[in-house]
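Here's the structure, in structure tokens; my notes come after.
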Amino acid sequence: METVGIWCGAILTLAIFSFLYKDNPVYKACEAIFIGVSAGYYAIVYFFDSIYKKFWLGAVTADQPEEWLFGGAILGVLFLTRLFPKISWVARWPLAFIVGATAGLYMVNYFVTNAMNQVASTITDVIARGDAGDINWIQSFGTLVILVGVITGLMYFFFSKEHKGAFGGGAKVGIWFLMVTFGASFGYTVMSRMSLLIGRMDFLLGDWLGLIN
Amino acid sequence: MLNTIATVILLLMGLSLIYVLYLTIKGRPVERRIVFLYIGFGVMLPLLMKMTPPLPITSDVQRLYDHIITLPPGSKVLCAFDYDPPSAPELHPMAVAFVKYAFKHNLKLIIMGLWPQGPQQANMAIAAALEDPAVALFPHEQGVDWVNLGFQSGNEFVILSMGSEFKRMFPRDTRLIPYDSIALLKNVVNFSNIDFIMNFGAGYPGTKEWVQIGVDRFKAKLGAGNTAVQATEVYPYLSSGQIVGLLGGMSGAAEFEKVLGEKGKATTFLLAQMFGHATVMAFVIIGNVAFLVLGRKKKDAAGNN
Amino acid sequence: MKNLFNMSRFKIVFTVCVLLSLYSFVNAQAPAVTTVGITPPAPVTELTAVDTDNDHGHSITVKWTPSADDGAGANNVLGYRVMRSNSFEGPFNDTVGVVPLGSTNFENSSSIEEGAEGFIPDNTDFYYRVDALTGDSLVFSSSEVTGPVHSYGQWFNKGLIPVFFAVIIFTALTVLFVSAARKGKELYVRPLAGIEAVDDAIGRATEMGRPILYVFGLGVASDIATIASFTILSRVAKRVAEYQTNLIVPCYDPIIMTVAQDIVKTAYMDAGRPNDYKEDAVFFITQAQFAYVGAVNGIMIRELPATNIYMGKFYAESLMLAETGVVSGSIQIAGTDEIAQIPFFVVACDYTLIGEELFAASAYLGREPLLLGSLKAQDYAKAAVLVLALLGILAVNFSGDLGLTWLVNFKDWFKVID
């Protein structure tokens, strides 16, 4: 059975790779299979994890049922009113609940994690010193670069003032910092994509063809 | 034999790239789809070679290692497996290396996932770790040395609820054994009873959510292993001290294997990664040359007209 | 004889009683046991137990100064055992935790469920004792008993006071600017190249007779980027309705699909063309990332849209989408707040809205007072962060020179973790 699975995986992998040459019916067939299988998979996963495990086991059949889950289930059912045009406005209520709850959760978490703690770590000694008190020039330069990057980056994302004059100059430095960052991020992401390709090659050469251990 | 053939073909490919550059400079750029062929062979052939390139350990990985070795035997580590098979080539090797270390040093693993396939990936990592006879000698009884609590939907709300009580989100493990009946989970109520959290994340929900809620709200100590794409977003948390260390992508996984002394897939893949990157760099140069040459030709043609 | 026997029995009983009382007296005073070869370590000192702060109750934090023999002196301490009792005199039979050597605190917490194992009821007095343990389980030293202490929940997390003030200030700014916008005050937003290109791109699609593809990405309805994208879709859909161009909106999330259908339908009605609205213009594909990408790529190759607009939350699929768009010859305008994906859009798309420019674009296009007001408030908040960061850097680096040593702790005003 495992061999059948490996052969299926290998054939589908090569079929998807055929898109690199040009679009063709084999690729289209694989695309359709992938979409169908993934839709079915997630339908089953969400049914068993949310409806069965959370609601049925947690609220209906549990020894100590959690009554709040009934409220969640009702909100979820209200979403289905979307299918009936006359009462489709009812579906906005559960949506509003989701958006509001998430906004409330994020308000404090994002402030703390992405704003307060990041500002605190930016406020630091520009001149870095070693244990003997001598200046560590490389670290100091690095700290200065970070500081300039933070300040000019914030200037670039200021929308209430046109980028002109000295402010515009600062914003330009900011966009340069951003582009260098994006370039570095791009390189890192290329590594990530390469890793995925290596994983597939390992599967084809190792598990399928048995050429590598 | 395969090793030699692969080396020879790679050398020929390198020479052919110089020829492609020459053609491009002459104004005769090659068919663009040849890039795919070069990348494919550039990644495939090194897998057949038995070489490991030199690998320095970066400070991000060293910091994580320095923290892990301070965990005394018996420490409870919450392992969050937040990835699926597409991200497995990068994250699976670091997960396997960590599981091996945990079993060898008697760290107790409490496994869960915010992604549906996460706990399955965890089982695969444990199975891969136990294939090593040296690791299998150490205690690895499910329920005593490790437990898999499974997947729970709800994303960051799951982490928030775990801050009060793990049992509310995971009333039973993947074997359907009730939480209170599991020996490892005795006296484990919430994050205050956990010594360390190790997150293997590939996106949302992942390390950022664990930092926002697990670290900043519930004061847990967190180490992260991320795909290279995700790692760039997590670096600010590393420099601010919100995470103790970071493994970024396959190179991070290889460094982690090296620092733990566990040679695994990431180390063997590193050569392929290196050649893949070299091929990409070569084509970036060729592409830019083509852009300049063809741009100049267009300008000359427009000038003549 | 009988009396003698009675006397003997009495003496035996008396002796046993004396021995028993001596034994219990010794135990009450100092339950440290010595065996031959191992001396008990020094006990921990300065033992305190307090209610765990900033929590919902059912938790007590025990702190102590480690034993003098922990890593020094006799160096025979292997860990500490935290014991609990309901009374000062004991018995201390309840072991609530064991921590390794070097530890200085332990949080004794429990579930909030009353029937749970180890449940700590709030407002109930407890007493704690910490034993310094050695390699021999019979050899340990007990500290003085501390207590009474009881746990209780706090209404307010004092550790988040800086966040409280930040939220208050930001909310006040938002209310101020939103009400100013509602009163008709003109709030300036600098022009964004990507947004000005949207109208041109829609015109181009109309001229070429090819559809427009609008992609939300992989976000959910509660993501800020997706919410901003809804506003941009509304503007695009209105223009599409006016120009009678085809619009294709493949969705990853079913909830986004329902909202998008509403938006597009309303746009067609506002443009006076309700009959032109096609139900299947906005449709759901799948919630698997790469399957979704495969389907959208297929649409691009087959339908050959003139314009691709990517606005929302994107992950690994961003480059795949943008690359295929380049191959199919479309004009591409993208905007996302996912930092890792912006490089791909910058490289492969004609116009890119970077990060917060996406939110600014939705305010710029929608001109709604709520969006404009909150954008202004964000700008002022950013300016405040910039000024405070600069002040902080000056404070940390020059406070000594200026004699303002109290400013050294400036950065702690922002810190909300230990």
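What to note about this one:
- For residue A:178, the test of being within 22 Å of residue B:240 (Cα to Cα), in a helix (DSSP H, G or I) and under 23 Å from the mean Cα position of the chain (by Cα) is passed.
- Single condition residue C:376 does not satisfy, out of (1) assigned by TED's automatic domain parsing to the domain that holds residue C:319; (2) part of a helix (DSSP H, G or I); (3) not aliphatic (A, V, I, L, M): (1)
- Residue A:29 vs. criteria farther than 27 Å from residue B:152 by Cα, more than 9 Å from chain C (Cβ to nearest Cβ) and in a helix (DSSP H, G or I): yes
- No other residue among A:50, A:38, A:18 is under 29 Å from residue B:86 (Cβ atoms), surrounded by 17 or more Cβ atoms within 10 Å (Cβ to Cβ) and more than 10 Å from chain C (Cβ to nearest Cβ) apart from A:50.
- Conditions (1) facing chain A (nearest Cβ under 10 Å); (2) at pLDDT 90 or above; number of the one not met by residue B:244: (1)
- Restricting attention to the stretch C:156-210 and to residues that are of a type in the set (A, V, I, L, M, F, W, C) and surrounded by fewer than 13 Cβ atoms within 10 Å (Cβ to Cβ), the residue that is farthest from residue A:163 (Cα to Cα) turns out to be C:156.
- Residue A:78, sole failed condition from (1) free of Cβ contacts under 8 Å to residues at least 12 places away in the same chain; (2) more than 23 Å from residue B:150 (Cα to Cα); (3) of a type in the set (A, V, I, L, M): (1)
- Positions within the stretch C:266-290 being within 38 Å of the chain's Cα centre (by Cα), at pLDDT 90 or above and more than 8 Å from chain A (Cβ to nearest Cβ), in sequence order: C:266, C:267, C:281, C:282, C:283, C:284
- Every residue from the stretch C:291-300 that is touching a Ser or Thr at 6+ places or on another chain (Cβ under 6 Å) and touching a residue at least 24 places away in the same chain (Cβ under 8 Å): C:292, C:297, C:300
- Selection status of residue A:165, over 19 Å from the mean Cα position of the chain (by Cα), more than 14 Å from chain B (Cβ to nearest Cβ) and surrounded by fewer than 21 Cβ atoms within 10 Å (Cβ to Cβ): yes
- Test: residue B:283 is assigned to a loop (DSSP other than H, G, I, E, B) and surrounded by fewer than 23 Cβ atoms within 10 Å (Cβ to Cβ): no
- Residues that are out of contact with any strand residue (DSSP E or B) (no Cβ under 7 Å at 6 or more places or on another chain) and closer than 19 Å to residue C:52 by Cα were ranked within the stretch C:121-149; the one that is surrounded by the fewest Cβ atoms within 10 Å (Cβ to Cβ) is C:123.
- Looking at A:103, A:132, just one residue is surrounded by fewer than 18 Cβ atoms within 10 Å (Cβ to Cβ), assigned to a helix (DSSP H, G or I), away from chain B (no Cβ under 12 Å) and at pLDDT below 85, and that residue is A:103.
- Test set (1) at pLDDT 85 or above; (2) more than 9 Å from chain B (Cβ to nearest Cβ); (3) in a helix (DSSP H, G or I) - residue A:210 fails condition number: (3)
- Residue that is surrounded by the fewest Cβ atoms within 10 Å (Cβ to Cβ) [pool: residues in the stretch B:28-82 that are within 14 Å of another protein chain (Cβ to nearest Cβ) and charged (D, E, K, R)]: B:31
- Any hit, the stretch B:225-232, residues being under 18 Å from residue B:98 (Cβ atoms), buried (at least 24 other Cβ atoms within 10 Å of the Cβ) and modelled with pLDDT under 90: yes
Here is a yes/no grid of residues against (1) touching a His at 6+ places or on another chain (Cβ under 9 Å); (2) among the aliphatic types (A, V, I, L, M):
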site	(1), (2)
B:2	no, yes
B:12	no, yes
B:54	no, no
B:71	yes, yes
B:74	no, no
B:80	no, yes
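- Subset of the stretch C:309-334 [in a strand (DSSP E or B) and touching a Cys at 6+ places or on another chain (Cβ under 8 Å)]: C:310, C:332, C:333, C:334
- Any hit, the stretch A:140-147, residues being hydroxyl-bearing (Ser, Thr, Tyr) and over 29 Å from residue B:89 (Cα atoms): yes
- Test: residue in the stretch C:101-108 that is assigned to a loop (DSSP other than H, G, I, E, B), surrounded by 16 or more Cβ atoms within 10 Å (Cβ to Cβ), in contact with a strand residue (DSSP E or B) (Cβ under 9 Å, 6 or more places away or on another chain) and of a type in the set (Asp, Glu): no
- Of the residues making up the stretch C:329-364, those that are within 11 Å of chain A (Cβ to nearest Cβ), under 27 Å from the mean Cα position of the chain (by Cα) and closer than 21 Å to residue B:234 by Cα number 9.
- Single residue of the stretch C:36-83 satisfying the filter (polar (S, T, N, Q) and closer than 19 Å to residue C:101 by Cα) that is surrounded by the fewest Cβ atoms within 10 Å (Cβ to Cβ): C:75
- Of the strands (runs of 3 or more DSSP E) that lie entirely inside the stretch B:154-261, those containing 2 or more residues that are in the same structural domain as residue B:115 (by TED's automatic domain parsing), under 17 Å from residue B:121 (Cβ atoms) and of a type outside the set (A, V, I, L, M) span B:196-201, B:222-226.
- Close contacts from the stretch B:167-186, counting a first residue that is without any contact (Cβ under 8 Å) to a residue 40 or more places away in the chain and a second that is of a type in the set (S, T, N, Q) and assigned to a strand (DSSP E or B), with Cβ to Cβ under 7 Å and a gap of 6+ residues or different chains, come to B:173/B:148.
- Filtered residues of the stretch B:138-164 (kept if more than 29 Å from the chain's Cα centre (by Cα) and at pLDDT 90 or above): none
- Members of the stretch B:215-227 found to be farther than 12 Å from residue B:201 by Cβ and within 11 Å of chain A (Cβ to nearest Cβ), listed by number: B:215, B:216, B:217
- Summed over the stretch B:93-125, the residues that are within 28 Å of residue A:43 (Cβ to Cβ) and either of a type outside the set (A, V, I, L, M, F, W, C) or over 16 Å from the mean Cα position of the chain (by Cα) (or both) give a count of 11.
- Of the residues making up the stretch C:291-328, just one is away from every other protein chain (no Cβ under 12 Å), more than 34 Å from the chain's Cα centre (by Cα) and of a type in the set (Val, Ile, Thr), namely C:307.
The values are calculated or read from the model by the stated rules, or taken from the named source; none is laboratory data. Just so you know, these numbers come straight off a predicted model, no measurement behind them. Neighbour counts run over all protein chains shown; Cβ positions are idealised from the backbone, glycine included.
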